[in-house]
Structures are given as structure tokens and as C-alpha cells.
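The values are calculated or read from the model by the stated rules, or taken from the named source; none is laboratory data. Every value quoted in this text rests on a predicted model; they were computed, and no experiment measured them. Using ideal geometry, Cβ is built from the backbone for each residue, glycine included, and neighbour counts are taken over all protein chains shown. Just so you know, the surface numbers come from the protein's heavy atoms only, side chains and all, with ligands and any DNA or RNA stripped out. Shrake-Rupley method; radii C 1.70, N 1.55, O 1.52, S 1.80 Å.
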Amino acid sequence: MPAGDLARDEARRIALAAQGFDRPRPRGRVGAPALRRTIRQLGLLQMDFVNVLVPAHYVVPFSRLGPYDRALLDEVVYRGREFTEQWAHEASILPVETWPLLRHRMEAHRARPRGFDSFMEKNAGYVEQVLADVRARGPLSADDLPGPEGASRRIPGAWIGTVPRAVLEAHFGRGLLAVAERRPNFARAFDLAERRLPPHHYARRSTHEESQRELLRLAARAHGVGTVADLADYYRMPVRVARARLAELVTAGELREVRVEGWPEAAYLHPQAKRPPRIEAAALLSPFDPVVWYRPRTRRLFGFDFRLEIFVPRPKRRWGYYVLPFLLGDRLVARVDLKAERALRRLHVLAAYAEPRVRPGPVAEALAVELKTMASWLKLDSIAVGRRGGLARSLAAALRA
């Protein structure tokens with residue numbers, strides 16, 4: 001390889017170090033400072049509330065820190081003023097200083113569900129009344145609001161459910177409202193963004209190009225090394241836009257363009273990227289973990305073809321409904337289809353598969369330890385292993401041992 005380029009193994013270790021896998025998990029109690037550092041290192045947590053195991057944004061810190069009090073993450077995000085929610089890489093938790101970088105996107109936000117903008121235009125009085133109610137009464141959820149007079153409260157066939165929720169979400173997407181809390185049923189309660197965000201962040205203005213450059217700086221730090229498509233995906237930026245901004249960052253000396261062994265196009269290396277000689281992680285990764293959420297990068301870094309099959313009809317699923325990759329060292333060595341059976345207080349391994357060319361025995365032993373740690377964290381008393389997958393028998397034996 002030409003001098004200055006990166007071997008694939010080195011790029012993989014750089015990427016994992018940027019994601020916090022270059023150091024052991026804390027030995028003692030995980031406190032709020034560790035959770036804050038983790039969110040800041042990643043730049044954001046993608047939120048997903050599929051609850052077959054536990055909502056995804058709780059798993060991401062667990063993968064890096066080990067067991068922690070999930071209520072503490074809610075406390076860090078919603079009781080302080082350091083973090084907020086906004087559309088970033090899908091629905092995300094992010095530091096409040098990132099919020100103004102997304103302002104241009106908020107200004108162009110279209111209501112969800114698609115086509116709801118026309119309803120808002122025809123019912124402008126109701127839309128303004130929802131905002132006035134929040135201003136007068138404080139944080140409100142959709143259940144706290146009446147529906148529009150003379151119209152159905154529900155939106156037939158729409159995932160968002162009701163008109164009050166859709167209007168609140170539209171105001172949120174446009175930056176007028178911010179999430180104040182999550183109710184026990186995970187519903188969002190919204191307050192005025194100007195009340196929830198620190199004034200200097202709420203008032204901050206920057207050009208579209210300046211915001212894009214800063215988002216790409218954050219993405220490059222979280223990647224360590226990545227292609228233009230990798231970095232663009234982190235905050236859902238068009239690749240053509242990211243390419244222009246990255247060229248500016250390279251010219252300014254803020255990023256370095258490099259070649260990675262086996263990658264067909266150039267990559268960008270963050271100047272503060274760590275280059276550990278080894279990674280000694282053992283972690284189950286949420287399907288929404290930044291390490292695996294951009295599937296082309298997952299294939300390039302790990303040779304791991306990952307597909308989320310939640311929306312695939314059951315007979316056509318290859319791996320399972322809610323499959324978590326298993327990281328051991330610096331490689332993805334297995335995948336397990338998991339379900340928390342809360343009524344039985346049991347973690348059910350529906351299927352377990354080893355990747356090609358890995359030794360099942362050592363992988364099963366390490367995976368058994370991690371599953372026991374996860375079950376304890378979720379307050380589940382036992383682990384059951386189904387028969388599906390070539391790793392299932394070895395895993396069941398390791399758990400018994």
C-alpha cells in the first residue's frame with residue numbers, strides 16, 4: 001500500500017475507538033457523567049421504541065458502558081438542559097448545541113404524515129390554537145389536547161394516530177416546539193423550544209454551509225474514518241452537499257483524505273482519531289447502533305451483511321425479527337435474535353448464528369457472558385436458547401456451564 005494509507009484492520013479499529021470501544025467498561029456504578037460523555041462522543045442517539053427487547057437508545061450506552069439505570073438516561077436527557085430531541089439521524093437525542101445546526105432543515109420541514117400540510121393550511125386556526133395551548137399551559141402531549149372541532153380526531157391509516165399528535169409533531173419538526181419529557185407510555189410532551197433550549201443556543205444563527213461543515217466535523221469525529229457517504233448518512237445530509245463541504249474541510253486542514261485498503265473510494269480521517277493496536281470489546285449491538293446502522297459501511301469494515309427484518313414477512317426472514325450483532329474484539333462474529341419475555345422474566349434467544357470462519361466455542365462463551373449481563377440489566381431471571389442457528393447448541397452449553 002502507498003505510504004499514508006490505512007489497512008482495513010486499522011480502519012476498523014479507528015472506527016470502533018471513535019465509537020467508544022477502545023476502553024473497558026466501568027467497573028463500578030455507571031453515573032450520569034458517563035452517560036453524558038457517551039452521548040457526546042457519539043454525537044447523537046437514534047431513538048426507536050420497538051420494545052421486543054428494550055428501546056434501542058437504551059441499548060447503545062449499555063453496549064459501551066455495561067449495566068446502568070435506564071431511568072438515569074431519562075434523567076440526563078429530559079431533566080437537564082444539556083440534551084434535546086430533534087430529527088437528525090431519524091428521531092434522535094443530541095446535545096443542545098447541535099439543535100441550531102439543524103435549523104435550516106427545520107425551516108424546510110414537511111408535516112408527517114405526508115399530505116398533512118394541506119390539512120394544516122385549511123385548519124390554521126386549530127394549528128395556532130395548539131401552539132397557544134402549549135404556551136399557556138406548559139408541556140402537553142397529544143392526549144392533553146382536544147381534536148379539531150367538526151373533524152375526526154383520528155387520521156385513518158396513519159401511523160401517527162391523531163390530529164393533535166400530528167400538529168404537535170409538525171410544530172416540533174419546524175423547531176417551534178421541543179420535547180420536554182417522555183411519558184411512561186413513551187409519548188412525547190412538548191414545550192416551546194424557546195423555553196426548553198438555552199437562550200444562546202436557541203438564538204444562534206449560522207449559514208447553511210457553516211452548519212453543514214459543523215455537522216460533518218461531528219460525523220467525522222464519531223466515525224474516526226469514513227467515506228463521503230458514511231459521513232453524509234450520520235446526519236442525513238445529501239451526498240453531493242457533503243462532498244462539497246468535505247472538500248472545504250480538507251482544504252482548511254481540518255480533515256485528511258486517505259485511502260483504505262479495499263475501499264473503492266477515498267475516505268476522510270479525523271485528526272484526533274485514535275489508532276489503538278487492538279480492540280478488546282465484547283458487546284451486543286442494537287440494530288440502530290451507529291456502528292451498524294449504515295449497512296454499506298458495515299460491509300466494508302466488517303464483511304458483515306446486516307439487514308433489519310422487522311418489516312420482512314416472517315416466512316421470508318433469514319435471521320429473525322430483532323437481531324443484534326455481537327462484537328468480539330474488533331470483529332462482528334455472531335448475530336442473535338432476542339426477545340425479552342417480561343411475564344416469564346426470561347431473555348429468549350430465538351436464534352443464534354456464528355459468522356463464517358469463526359470458532360464457535362470461544363464465541364459462544366463470550367456471548368453467554370454478555371447475555372447474562374444483559375439479562376441481569378433487564379431484570380430477567382433466566383435465559384432460554386431456541387434451536388435455530390448454527391451457534392445455538394454451543395451457546396446453550398456455554399450458558400449451562
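Values as computed for the structure displayed
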| item | result |
| --- | --- |
| Compactness of the stretch 68-124 as Cα Rg over 2.2 N^0.38 Å, two decimals | 1.47 |
| R0 of 35 Å, Cβ-Cβ distance R37-S152: FRET efficiency to nearest 0.05 | 0.15 |
| Net lengthening on full extension, D74/R195 (0.36 nm per residue, minus Cα-Cα) | 41.7 nm |
| Accessible surface of the stretch 268-358, 1.4 Å probe, proportion on carbon and sulfur as whole % | 49 percent |
| Cα pair count fraction exceeding 27 Å, expressed as % - the chain | 55 percent |
| Descending Cα extents along the principal axes, the stretch 1-110, whole Å | 47, 42, 28 |
| Under 26 Å from K316, Cα to Cα: lysines that are on another chain or at least 8 residues apart | K339 |
| Sum of side-chain charges, L344 neighbourhood, beta-carbon under 15 Å (Lys, Arg +1; Asp, Glu -1) | +3 |
| Angle between the chain longest axis and helix 56-65 axis [Cα atoms, degrees, rounded to 10] | 40 degrees |
| Residue-span extension gain [A203 to R342] - 0.36 nm each, minus C-alpha spacing | 45.5 nm |
| Added length on full extension, which subtracts the Cα-Cα distance from 0.36 nm per residue, H104 to A247 | 49.4 nm |
| Calculated FRET value between R400 and R256, using beta carbons and R₀ = 45 Å, to 0.05 | 0.35 |
| Amide H contacts of I383 (H built 1.01 Å from N, under 5 Å, at least 5 apart or other chain) | L347 |
| Cα-based helix-to-principal-axis angle, 360-377 vs the chain, degrees rounded to 10 | 40 degrees |
| Surface per residue (accessible, 1.4 Å probe) for the chain, Å² | 46 Å² |
| Cα→Cβ-extended label distance, 7 Å offset, between W159 and L176, nm | 2.4 nm |
| Under 13 Å from the V358 label point (7 Å along Cα→beta-carbon), backbone N, the stretch 293-313 | 302-306 |
| Per-residue [θ]222 nm for the chain (sum of -39500 (n - 2.57) over DSSP H runs n ≥ 4, rounded to 500) | -11000 deg cm²/dmol |
| Rounded to whole Hz, the Karplus (6.51, -1.76, 1.60) HN-Hα couplings of the stretch 115-127, x for glycine and proline | x, 6, 4, 5, 4, 5, 5, 6, 10, 4, x, 5, 4 |
| Where only alpha carbons of the stretch 87-215 are counted, the Rg and the Dmax (Å) | 14.9, 47 |
| Helix axis angle, 208-223 relative to the chain longest principal axis, alpha carbon, degrees | 30 degrees |
| Cross-link reach list, aspartates and glutamates versus K372, counting only Cα pairs under 12 Å and skipping chain neighbours closer than eight places | D381 |
| Sparse-neighbourhood loop sites, chymotrypsin sites (Phe, Trp or Tyr not before Pro) in the stretch 49-89 - DSSP loop, at most 13 other Cβ within 10 angstrom | F49 |
| Residue-count net charge about L140 - beta-carbon cut-off 9 Å; Lys, Arg +1, Asp, Glu -1 | -3 |
| Net charge, L16 excluded, C-beta distance under 9 Å - Lys, Arg +1, Asp, Glu -1 | 0 |
